[in-house]
Structures are given as structure tokens and as C-alpha cells.
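This report concerns only the one structure given below.
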Amino acid sequence: MITEIAESTIRKYNMTNRSESLLCCLSGGADSTALLLCLHELEYSVEACHINHCLRGEESDRDQRFCEELCERLGIKLTVRRLDVKGYCAEKGVSIEEGARILRYGVFEELGCDKIATAHTLNDCIETAVFNLARGTGLTGLASIPPVRGKIIRPLIEVSRAEIEDYLRSRGQEWVTDSTNLTDEHTRNRIRHYIFPELTRINPSLEKTMRGTLENLREDSRLIKRLAEEFYGSAARDGGLDCEALLGAERALTGRAVRRLVTESGIECSRETALRILTLCADGKGKLTLGHGRYAEVKKGLLRITRERLPCPAAELKAVIGKENLFLGKRVSLKILGNSGEVANIHENLTKNAADYGKIKGDIVIRNRRAGDRVKLRGRGFTSEVKKLLQSRFSTDERGRAVILADSEGVIFVEGFGFAERVAADGTSKTLLFCKIS
């Protein structure tokens, strides 16, 4: 019975307990339907979420109706979201599969349950292992889908698809089928339709065998991961890795340490790249271009990931009052507070962070620093170079993105420092301008 396997899997991997709230990701297919029934029968505190990706017309609506009727019959709370996946993917330039995943998990997180339960099965794990093997992978890829990843849990990960369908039939429970799973358009479908049956002919007990094999691989992967983390901690020094430690350790540990150092800088690192970096360590000096303005550099026995210092290009836009202005990844909101009666009641501490809108000359522009920018800040009896102000407050990488407000006569605001003396609000101000940056 799959309820017994699921309960055992939950305990084995310490997935959850009955004091936590679970969100079941419900598509209406056999796997997720079985997951919902199983968690319900095991008396966990479970609610469900169905995402209508609006990609398959009436079939998508049919799946939604199925989930609504199922949850109503079981007395389980259901949240339904309809998402414009195509529009999102066109805007972001990502694939339909990737865009749907990003949007879907965004909704799951938003609902705020303690754990998110997905219906990945043993068959999904086998297919993923074959897929990873065909592309080239290491131990982690062969270990396939992890039972737990953060707050995401997979209680059915040791249950076969055949066992799931038998369970649903024993309950007299129907399910819906996504027609795209019946085509050979996607690689995973071809693995499912052709490679999996061939493997089963070679080994009729494939599912049972792979259940044990995957568990062994996960155990080995966890052990090596723990050893790699310990090694990384021992080799880390001054923001990099000690080359002597890297060269003296096992390749299984050094490769993982190098890949971790690179990926933490925001760059993907293949096995081949890690090997080239280790060659740098053996040479004792040199640089390797990683892309996106980053380098692996060995100097004085230390491997570091360095960044190319590129000047931030000039950026400028006309400010829109009362709306959120997007500028170099920041949100700049400018708000005006109305009449003199309102202003008179504002506490003095607030006026220190406000400008007198009537003193501003011409349009307000949002921009980054320009050569020669100077400003006399409120409360200071001298004029400062904006360049030196930013150097005292921001890192090298952030200075080019610091927000400057200017009118026709020059700088009126510097992020982190406030407004200039010449536009500062005082007791005579009739209209105040506030600036918020997030």
C-alpha cells in the first residue's frame, strides 16, 4: 500500500510532522491525485493548489474542474491560480517549461505553508537519472531527484507509477491525463515511451532494483557532499581557496570546492572548467576567463574569483512624480505632499528628509554620478564632491548605481545622504517632495 511507503519515506528523510501545514501541488494527474489522497488518509494538515497554465485550452479548464470537484468532495481547501505563462515567457525571454516552473513555484511560496509536497515518483527519478546520464553527469545527477530540497518534499519518491495507478483504482478514484505526455515531442516522454520499456525487458525488476540503487547513490552523494563542505571550510582563506590544500586533496573534493567557489560568484562551472582552474593552481599563477566579467585568478598560492572593473555607463531618465521609477535595478518613488496646512503639521524630523518642491528648478531627472558633480548637503557648511560621498558609503560595484536626483541647476539629492541645502524643506515650505529608494 502506497500510504505505508509514503509514511516510511516521510520518516526516513524527516520530511515533515503533523504539526506542519502541507501544500499539495495538484495537477489532477494520477501522481498528484494519489499524493493528495495519501496525505489526506494519513491525516496530515494538507491543502491543495492547482495551477492552470492556460496552455491547453479546454483541456486545461477540464483539469481545473476536476481538481475543484475532488477537493470539494474531500473537504480540502483548494487555491486555483490561472497564469499567463506565454505572456510571461515572451516578456522574460525564457522557455515555456522554465517560465511555467518559475510562476508555479512563486505561487506555492506565496501561499505560505510550512512544506510544499510535489508528486514526483520512482519512475520520475529513473527517467531523470537516464536523462542526466545521456547528457553527462556525476554522482549528484545519477542520484536524480532529491527527496527533500529546502521546504519541498516528495513523499511518493519511492513509489512506482504502477503502484500509484493500482492505489487509485482500489479507491475508485479517477484522474486526468495531460495530452502532451502522450506525444514524443519532449525528451522525457521519449525516455518514458521507448527507453524505459527496453530497460524493463532487460531487467523485469527494474523499478525494485532502481529503488535500492537510487537510495545507495543518495547516501553516497550525501556523504561526499558533507566531506566536501568540511574540506571547503578547511581550504578557505582570505576570500579564496588555498592552492596547496587543493592540490593535496582527493579530486572528488577539490573539484566540488572549485565549483562551489565559482558558482557562488554567479557563474556556472562545468567539470572541464574546474579542471582548467586546478591546472592554474598547479602552475602557481595565471588567470582564466569565466565570462560575465569574471576570472579565476591564482596569485601567491591563493585561488580567487575576481571581477573585471567596468565603468558603469551613464544612465538618466526623467522622473515621474507619484509613480515608481525603475532605474538600474532600483525602484525610485517620488511623492509630493499637498498644501501648506498639511505641511505645517509634519514633524520636523520628516522635513529633514524632504525637499521643498517649490525650490526645484525645472524637471527632475534620475541619474547616476557624472564627473564634476558637487553638492552642498543640508546641515553641512561646505560643498562636497559627489564622487567622494559615494566612495565613503558604497562599494566599488555599487557606486555606479547610486541614485542622484538633479534639476536644471544641478544635484539636489544623493542616495544615502539626502537632499541639498538649496532645496531643503523648512517652516515656510508649502509643498514637500519625498524620495524613497528600494
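Here the relative contact order of the range 316-437, from alpha carbon pairs under 8 Å that lie six or more residues apart, stands at 38 percent.
Exceedance of the 25 Å cut-off in Cα-Cα distance is limited, within the set LYS151/LYS436; LYS287/LYS330; LYS92/LYS335; LYS335/LYS430, to LYS151/LYS436; LYS287/LYS330; LYS92/LYS335. Relative contact order, whole percent, for the range 2-212 stands at 26, derived from Cα pairs under 8 Å and 6 or more residues apart.
For the chain, the longest principal axis of the Cα atoms and the long axis of helix 161-170 meet at an angle of about 70 degrees.
Other residues with beta-carbon under 12 Å from the beta-carbon of LEU111 carry, at +1 per Lys or Arg and -1 per Asp or Glu, a net charge of +1. Relative contact order for the chain: 11 percent, from Cα pairs under 8 Å spaced at least 6 residues apart, divided by residue count.
Where in the chain is the longest stretch that carries no GluC sites (Glu not before Pro) classed as loop by DSSP and with at most 10 other Cβ atoms within 10 Å?
Values: sites that count: GLU43, GLU185, GLU264, GLU308.
Formally, the longest exposed-site-free interval is 44-184.
Could you state the number of Å between the C-alpha centres of the range 123-166 and the range 260-326? Here the two parts' Cα centres lie 33 Å apart. All C-alpha pair distances within the range 238-307, sorted into 10 Å bins from zero, spread as 23, 63, 14, 0 percent across the bins.
Return the FRET efficiency for the residue pair LYS376, LEU111: r is the Cβ-Cβ distance, R0 is 60 Å, and the value is rounded to the nearest 0.05. So, using R0 = 60 Å, E works out to roughly 0.75.
Coordinate-derived values only; no laboratory data. These figures come from a predicted structure and were not determined experimentally. Note that we place each Cβ from the backbone using ideal geometry, even for glycine, and neighbour counts take in every protein chain shown.
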